Amino acid sequence: MSEPNFKLLDHFHNPRNIGVIDNPDGFGRGINPINGYLTDIYIKVENERIKDIKFKTSGCVVSVTSASALTEAMKGKSLEEIVDGSNNAKALIDLIKEKLGEIPEKNWHCPPTAVLTLLTAICDYYRKIGEKKKILEVEKLIDDINGYFEEYKSRIE
């Protein structure tokens with residue numbers, strides 16, 4: 001029997017940033033195409049930094065913990081840091097895995113849903129302020145995440 005993952009269990013029993021932000025600057029809804037679980041992320045932006053971030057999810061332990069770990073890591077970060085052209089979607093997925101520790105292979109499709117949802121919220125923010133160039137940058141990252149799901153599907157089929 002393997003050792004329990006205490007980081008993952010801590011985020012599940014004590015999720016960070018759970019809830020809703022009224023009148024968010026950005027809102028994202030991500031649906032995991034593997035299992036249909038839904039995650040919502042709300043952001044408040046001040047001086048191009050994530051001042052506040054909240055999430056709600058209907059999903060498994062790894063879905064909850066992924067959103068919790070990602071929102072914790074993103075609070076206070078600048079949007080430029082998150083969507084920097086040299087950054088990629090895999091780096092955000094790896095950040096979740098780093099914060100949570102070992103994730104069972106059968107649940108590797110859960111962290112990308114949190115990333116997809118965050119990127120969708122950032123894209124919504126950029127739409128609201130009319131930043132067309134930034135929207136294109138974020139949409140490329142969203143495409144990368146969708147590619148990750150397709151790759152995952154092909155491995156399990």
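The values are calculated or read from the model by the stated rules, or taken from the named source; none is laboratory data. This one's a predicted model, so the numbers in the text were calculated from it and none came from an experiment. FYI the Cβ positions are ideal-geometry reconstructions off the backbone, even for glycines, and counts take in every protein chain you see.
Note on segment 76-98: among residues that are closer than 20 Å to Asp124 by Cβ and surrounded by 16 or more Cβ atoms within 10 Å (Cβ to Cβ), the one that is nearest to the chain's Cα centre (by Cα) is Leu92.
Of the residues in segment 65-79, at least one is of a type in the set (Lys, Arg), at pLDDT 90 or above and not in a helix (DSSP H, G or I).
In segment 3-12 there is no residue that is in a strand (DSSP E or B) and either of a type outside the set (Phe, Trp, Tyr) or at pLDDT 95 or above (or both). Looking only at residues in segment 49-64 that are among the hydrophobic types (A, V, I, L, M, F, W, C) and assigned to a strand (DSSP E or B), the one that is farthest from Asn17 (Cα to Cα) is Ile50.
Can you spot a residue in segment 118-127 that is buried (at least 24 other Cβ atoms within 10 Å of the Cβ), under 22 Å from Leu38 (Cβ atoms) and in contact with a Phe, Trp or Tyr (Cβ under 6 Å, 6 or more places away or on another chain)? Yes: one or more hits.
Taking segment 80-90 as the range and being part of a helix (DSSP H, G or I) and touching a residue at least 40 places away in the same chain (Cβ under 8 Å) as the test, the residues that pass are Ile82, Val83, Ala89, Lys90. Just give me the residues in segment 99-136 being out of contact with any Cys (no Cβ under 8 Å at 6 or more places or on another chain) and modelled with pLDDT under 90, in sequence order. Listed by number, the residues that qualify are Gly101, Glu102, Pro104, Glu105, Lys106, Trp108, His109.
For Thr39, the conditions (1) closer than 12 Å to Leu118 by Cβ; (2) at pLDDT below 95 are fulfilled apart from (2). For first residues located in segment 134-157 and under 20 Å from Lys106 (Cβ atoms), partners that are assigned to a helix (DSSP H, G or I) and lie 6+ apart or on another chain with Cβ distances below 6 Å form the pairs Ile145/Ala89; Ile145/Pro112; Ile145/Val115; Ile145/Leu116; Tyr148/Pro112.
Annotation: Pro15 fulfils all but one of (1) within 23 Å of Tyr152 (Cβ to Cβ); (2) not in a strand (DSSP E or B); the unmet one is (1). Candidates are the residues of segment 55-75 that are more than 11 Å from the chain's Cα centre (by Cα) and of a type outside the set (Ser, Thr, Tyr); the one that is surrounded by the most Cβ atoms within 10 Å (Cβ to Cβ) is Val62.
Taking into account only those residues within segment 129-157 that are of a type in the set (D, E, K, R) and under 17 Å from Ser78 (Cα atoms), which is nearest to the chain's Cα centre (by Cα)?
Residue satisfying both the conditions and the ranking: Glu137.
When the residues of segment 97-118 are filtered to those that are assigned to a helix (DSSP H, G or I) and either β-branched (Val, Ile, Thr) or touching a strand residue (DSSP E or B) at 6+ places or on another chain (Cβ under 7 Å) (or both), which remaining residue is nearest to Glu48 (Cα to Cα)? Of everything passing the filter in segment 97-118, Leu118 is nearest to Glu48 (Cα to Cα). If you go through segment 51-66 and keep only what is touching a Lys or Arg at 6+ places or on another chain (Cβ under 8 Å) and of a type outside the set (Val, Ile, Thr), you end up with Lys51, Asp52.
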